[in-house]
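Just so it is clear, none of the values below were taken in a lab; they were calculated from the coordinates. Note that the structure is a prediction, hence the values are computed from the model and not measured. Here the Cβ is made from the backbone with ideal geometry for all residues, glycine too, and neighbour counts use every protein chain on show.
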Amino acid sequence: MILIVRIFCILVLLMATGCTKNEFYLEFDLATDVTANYKVVYYASNSKGGMMVESVATVSEGKGSLRCVTYNPVLLYLYSGQSEPVVIYARRGQKIPIQGSGKNPVQWEIGGNDINEELSKWRHAYETQLASGNRTEMDKAVAEFVSRNPDSEIAPLLLLTGFSRHDNEPLFRTLWRSLRTPTSAPDWLTMVGRSDIQNQRVMTPATLKSMTMRSLHNGVDTIRPASAKATALFFWQNGIDSRRTLIDSVKAMTKEWPDSARRIIADVSLDADSISWKSPLRSDSLHDVARLWAPSGLADPALRDLNVCRVPFYIILNPEGQQVYRGDDLPEAIAAFRRLLSTQ
């Protein structure tokens, strides 16, 4: 029933756009021994908004089709249960032919446009790694292709949908900066961010000029990286296993760099209530550290701009407000902080 309501709502939404057929089709022509159901998820939208659509593509003895609705181009994620979802690019009016043998979509030929054809070639070239289910091997497949083909239309798409940024943030950033994607390529950032399926994060974290938050001692504090040689932001929530290690490390930092005029260290809690935020602060004896609170958590606009996507998370900024380190490796964060203070 929920699925029927969703489809009805999106049809009403898209019919308002005009008379053009706002739909595309998946057409399955697989081996006759393939009988299975495949979950599909995509974000259907027009200029006024959109919604997530979930449906099921039923394949019986190799044959099947699925009508999908959208006005804008979409990224459709097809799930088989055997591997990571296969990403399919589609525009309204297109028929997306899907051919191959076996139940695993990694082995299929998916057409309908140049993007899908290039994605199919990539999947075939790295079929063993992709079918393994091993996250490290799958990341290697993406990294190898992107490093060899920085000007490919699909290179940024593979990074956004096929690479685990959570597991290897530094390599992601290196690969992302290496891209020389042609201007004719679709706007993958917008499409992935719009659908919010795979990443739920902006890909280019903002430069920080200032950040104002609730403060334990002053009511409100404003962080301005330009006023210091180095700025360290430590994001946490009450109950994380590494909290004690973080506090000990921050204490060591304040002793190593006691001149608070040269550096900024901010301890930022993402707890939803003030008691959870304040309780652990009363006994940790931190001095010359900004004790900040972001009660909206990861939804806080400042955190979204900085691309804080989990806790614990650490960001080190230079005086220009650029993020010279971001991730969850505390020793690496402190090392980046030390480099800024030692070279200026």
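Between Pro258, Ser296, Leu340, whose Cα lies farthest towards the positive end of the dipole of segment 211-342 when Lys and Arg beta carbons carry +1 and Asp and Glu beta carbons carry -1, centred on the Cα centre?
Pro258
If you stretched the chain out fully between Asp328 and Lys121, how much longer would it get, using 0.36 nm times the residue separation minus the C-alpha to C-alpha distance? Before the final figure, lay out each step's value.
Numbers: separation 207, 0.36 × 207 = 74.52 nm, distance 3.44 nm.
Full-extension gain reported as 71.1 nm.
Check which residues have an amide H placed less than 5 Å from Val324's amide H, if you skip close sequence neighbours.
Amide H neighbours of Val324: Ile316, Leu317, Asn318.
May I ask you to compute the full-extension gain from Arg148 to Ser227, defined as 0.36 nm times their residue separation minus their alpha-carbon distance, rounded to one decimal in nm? Intermediate values should be presented prior to the final figure.
On the way: separation 79, 0.36 × 79 = 28.44 nm, distance 4.07 nm.
Length difference between fully extended and current span is 24.4 nm.
Could you list which residues have their amide H under 5 Å from that of Asn72, counting only those 5 or more apart in sequence or on another chain, with H placed in the peptide plane?
Long-range HN contacts for Asn72: Ser45.
Taking H as built 1.01 Å from N, whose amide H comes closer than 5 Å to the amide H of Ile223, not counting residues under 5 places away?
Correct list: Met211, Thr212, Met213.
Need the list of lysines near Lys21 for cross-linking: C-alpha distance under 22 angstrom, and skip anything on the same chain fewer than eight residues off.
Within the straight-line limit of under 22 Å, Lys21 reaches these lysines: Lys48, Lys95.
Check the straight Cα-Cα distances from Lys209 and name the lysines below 24 Å, setting aside those fewer than 8 residues away within the same chain.
Straight-distance partners of Lys209: Lys229.
At 0.36 nm per residue, and after removing the present C-alpha to C-alpha distance, how many nm does the segment from Ala335 to Lys251 gain when stretched out fully? Can you show the working numbers first?
Values: separation 84, 0.36 × 84 = 30.24 nm, distance 1.50 nm.
Working it through step by step, the gained length comes to 28.7 nm.
Tilt of helix 243-256 relative to the longest C-alpha principal axis of the chain, in degrees (0 to 90, nearest 10)?
The helix 243-256 is inclined about 50 degrees to the chain.
Measure off 7 Å from each Cα along the Cα-to-Cβ vector at Asp288 and Asp29, then give the distance between these two points in nanometres to one decimal.
Result: 7.3 nm between the two label points.
What longest range of the chain stays clear of loop-exposed GluC sites (Glu not before Pro) (DSSP non-H/G/I/E/B, at most 12 other C-beta within 10 angstrom)? If you can, show how the numbers build up before the last one.
Values: sites that count: Glu61, Glu320.
Answer from the scan: 62-319.
Looking only at Cα atoms, what is the convex hull volume of segment 211-342 per residue, in Å³?
That works out to 96 Å³ per residue.
Report the charge-dipole magnitude of the chain in Debye, nearest 20, computed about the Cα centre from +1 at each Lys and Arg Cβ and -1 at each Asp and Glu Cβ.
Numbers: 39 positive and 37 negative charges, 180 e Å.
My answer is approximately 860 debye.
Which of the aspartates and glutamates could be linked to Lys278 by a straight reach, that is with a Cα gap under 20 Å, when you skip same-chain ones fewer than 8 residues away?
Straight-line reach from Lys278, under 20 Å: Asp221, Asp241, Asp248, Asp267, Asp288, Asp300.
Rounded, prolate or oblate: which fits the chain, taking a ≥ b ≥ c as square roots of the Cα gyration tensor eigenvalues, rounded meaning a/c under 1.5, else prolate when a/b beats b/c? Numbers along the way, then the final one.
Details: a/c = 2.45, a/b = 2.01, b/c = 1.22.
Prolate, since a/c reaches 1.5 and a/b exceeds b/c.
Of the chain, which part is the longest with no trypsin sites (Lys or Arg not before Pro) in a loop (DSSP not H, G, I, E, B) and with at most 16 other C-beta atoms within 10 angstrom?
Here the longest segment lacking exposed loop sites spans 92-179.
Say the dipole of the chain comes from +1 at the beta carbon of Lys and Arg and -1 at that of Asp and Glu; which of Ala90, Leu306, Gly111 then lies farthest toward its positive end?
Checking the options against the dipole of the chain, the answer is Leu306.
Would you please classify the overall shape of segment 2-195 from the alpha carbon gyration tensor, given that a ≥ b ≥ c denote the square roots of the eigenvalues, rounded means a/c under 1.5, and beyond that prolate means a/b larger than b/c while oblate covers the rest? Please list the in-between numbers first.
Numbers: a/c = 1.87, a/b = 1.25, b/c = 1.50.
The shape class here is oblate.
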